[in-house]
Amino acid sequence: MQVAEKERMPRLSLGEERNMVTQLLLLNITVFILLFFIKIIYQMENTGLAAFERDIMANTQFPADPKVLLTKPWTPLTAMFAHTGFWDVFSNLVWLFCFGSILQNIGGFRLIVPVYLFGGLSGMAFFMAGINLVPGLRVYIPSGSIIGAGAGVMAMAVGVTTLAPRHRVFPLLLKGGIPVWVLSVVFLALHITSLATSDRYPSIAGSLFLLGGAFMGFMFIAQYKKGRNWGAPVNKVIFNAGHIFHPKEQKEILKEEYLEPSKPTATTPFQKVGTVPEHKLNELLDKINDQGLQSLTPEERETLLRASKENGEDY
């Protein structure tokens, strides 16, 4: 449905309150820049990179040792937004924008943050379990750690492929566009190649991190398709934190709109065959952005199809 894709593709705008992909991108970029400047300060003060690793990164990275995790319980949250290498943050954020935008267009903005967070936490759990339980990896327990958005992005990639594997993107590149599952295969192939050439850990250790994200992405969306939204508590916390200073009456109105999307109501068949009013088209696009394509009624789908043909697009 190319009209919806063209009009509602998330933009990098600071004013998009419901564009959770943008919020995640900005948060990852901000943390990367912050760590970069702190690292420069350490180098200017002649304290060296060793001090930077000891003071900053040791309190940011997710440790492989469970005993260390108990003394630094905040690291699961900080680690999933932290990057120290330019190409690491660049590749992760490109794929985050790609898969996050597709997932947001299909399933709505409420899925983005929960899938990312749950995927990151699952990846870290797999990473810690693998290093502690696999005999050949136990040597990395004292110094082992991991950071990055890789598991969260992997959860989005597998999640959107589970939700709509035949959904097509980039219609201008190929006739009809590229299926999401093909994009996911390319993503997996690049990550496997990167892990195979990495000298930090054996490829199996890094693979466990991504495998945990993939597992959670599949499980989250599989349950979502059955009507079980694991992300509802996360969205509730985000909403309460972002609207803590709003008046109670206004907060209740926003809460119903943000957390509890209205169900499609029965409407009379739309018989008009002429031009679709602009305000009607905007209402449908907003509904897709908030609740996903599956929320449209058959009449609304027909209206959007007609608008697509009137604008010279192929459905």
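What the table below lists for this structure:
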{"quantity": "Test: residue in the stretch 129-137 that is under 30 Å from K225 (Cβ atoms) and either outside the structural domain of N28 (by TED's automatic domain parsing) or assigned to a helix (DSSP H, G or I) (or both)", "calculated": "yes"}
{"quantity": "Residues satisfying the stated conditions in the stretch 93-113, i.e. assigned to a helix (DSSP H, G or I), of a type in the set (G, A, S) and under 13 Å from I221 (Cβ atoms)", "calculated": "G107"}
{"quantity": "Neighbours by Cβ (under 9 Å, 6+ apart or cross-chain): first from the stretch 99-110, touching a residue at least 12 places away in the same chain (Cβ under 8 Å) and at positive phi; second β-branched (V, I, T) and in a helix (DSSP H, G or I)", "calculated": "G108/I288"}
{"quantity": "Extreme residue, nearest to L69 (Cα to Cα), among residues of the stretch 37-59 that are among the β-branched types (V, I, T) and part of a helix (DSSP H, G or I)", "calculated": "I38"}
{"quantity": "Matching residues, the stretch 138-185, being basic (K, R) and part of a loop (DSSP other than H, G, I, E, B)", "calculated": "R166, K175"}
{"quantity": "Some residue of the stretch 167-188 being touching a strand residue (DSSP E or B) at 6+ places or on another chain (Cβ under 9 Å), more than 23 Å from N28 (Cβ to Cβ) and small (G, A, S)", "calculated": "yes"}
{"quantity": "Condition met for V94 (modelled with pLDDT of 90 or more and among the β-branched types (V, I, T))", "calculated": "yes"}
{"quantity": "L117 vs. criteria more than 19 Å from the chain's Cα centre (by Cα), among the hydrophobic types (A, V, I, L, M, F, W, C) and either more than 17 Å from L210 (Cα to Cα) or part of a helix (DSSP H, G or I) (or both)", "calculated": "no"}
{"quantity": "Whichever residue in the stretch 25-54 is without any contact (Cβ under 8 Å) to a residue 12 or more places away in the chain and among the polar types (S, T, N, Q) and, among such residues, is farthest from I112 (Cα to Cα)", "calculated": "N46"}
{"quantity": "Residue check, P233 modelled with pLDDT under 65 and of a type outside the set (F, W, Y)", "calculated": "no"}
{"quantity": "Where a residue in the stretch 147-167 is touching a residue at least 40 places away in the same chain (Cβ under 8 Å) and its partner, wherever it lies, is polar (S, T, N, Q) and part of a loop (DSSP other than H, G, I, E, B), with Cβ under 7 Å and at least six apart", "calculated": "I147/T60; I147/Q61"}
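The values are calculated or read from the model by the stated rules, or taken from the named source; none is laboratory data. Computed from a predicted model, the values in this text were never measured in an experiment. Virtual Cβ from ideal backbone geometry, glycine too; neighbours counted across all protein chains shown.
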